[in-house]
Amino acid sequence: MNTTPFDEKKDYAPTPFDRHHCETAARLKKAGLRWWVHAGCFAWDQDGWLAETSPLPNRVYFILNVSHFARQLGGIEQISRKLVWLPTWHQARLLCREYGVPDEAVQAIWSPSRPMGPGDELIALYEQLLDRLHAGTG
């Protein structure tokens with residue numbers, strides 16, 4: 001089956017796919033963020049494990065069929081070992097709550113004097129999670 005590639009100039013990304021988001025998510029993984037692989041997650045193939053080309057930019061994949069990725073990577077456990085989870089905004093907010101990031105800290109991300117770009121809030125949420133992971137809380 002041929003897929004139509006994502007067009008960064010005209011398509012609306014469901015989540016940021018740029019290098020900065022991917023690398024920050026890799027820092028979350030390295031800091032110990034656990035990922036229980038399930039359908040509906042985005043993942044970055046940082047090291048080129050998957051032979052199939054993703055229709056999304058920068059080797060980002062949307063996991064719809066977990067068993068497909070398990071076959072490609074050698075098992076479900078290998079998915080979380082070989083790929084980097086890219087939590088969506090909603091997933092990052094849930095993780096912030098789970099890891100004890102105060103709602104006030106999340107609210108402080110936004111400032112009327114400092115407008116944010118479309119992906120900046122997600123990076124800020126990732127950074128809040130990194131702080132918690134490095135502090136050993138959560």
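The values are calculated or read from the model by the stated rules, or taken from the named source; none is laboratory data. Values in this document were obtained by computation on a predicted structure and should not be read as measured data. Here the Cβ is made from the backbone with ideal geometry for all residues, glycine too, and neighbour counts use every protein chain on show. What goes into the accessible areas is simple: the full protein's heavy atoms, side chains included, and nothing from ligands, DNA or RNA. Shrake-Rupley method; radii C 1.70, N 1.55, O 1.52, S 1.80 Å.
Structural remarks
- Candidates are the residues of segment 83-101 that are over 21 Å from residue 17 (Cβ atoms) and part of a helix (DSSP H, G or I); the one that is least open to solvent (accessible area, probe 1.4 Å) is 96.
Residue-wise test of (1) among the acidic types (Asp, Glu); (2) more than 12 Å from the chain's Cα centre (by Cα).
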| site | (1), (2) |
| --- | --- |
| 32 | no, yes |
| 45 | yes, no |
| 82 | no, yes |
| 131 | yes, yes |
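- Residue in segment 1-40 that is surrounded by the fewest Cβ atoms within 10 Å (Cβ to Cβ), counting only those that are closer than 28 Å to residue 134 by Cβ, aliphatic (A, V, I, L, M) and in contact with a helix residue (DSSP H, G or I) (Cβ under 9 Å, 6 or more places away or on another chain): 31
- Checked against (1) touching a Lys or Arg at 6+ places or on another chain (Cβ under 6 Å); (2) at pLDDT 90 or above, residue 138 passes all but a single condition, namely (2).
- Test for residue 127: is it charged (D, E, K, R), assigned to a helix (DSSP H, G or I) and in contact (Cβ under 8 Å) with a residue 40 or more places away in the chain: yes
- Residues in segment 41-82 that are in a helix (DSSP H, G or I), open to solvent by less than 40 Å² (accessible area, probe 1.4 Å) and under 18 Å from residue 24 (Cβ atoms): 57, 80.
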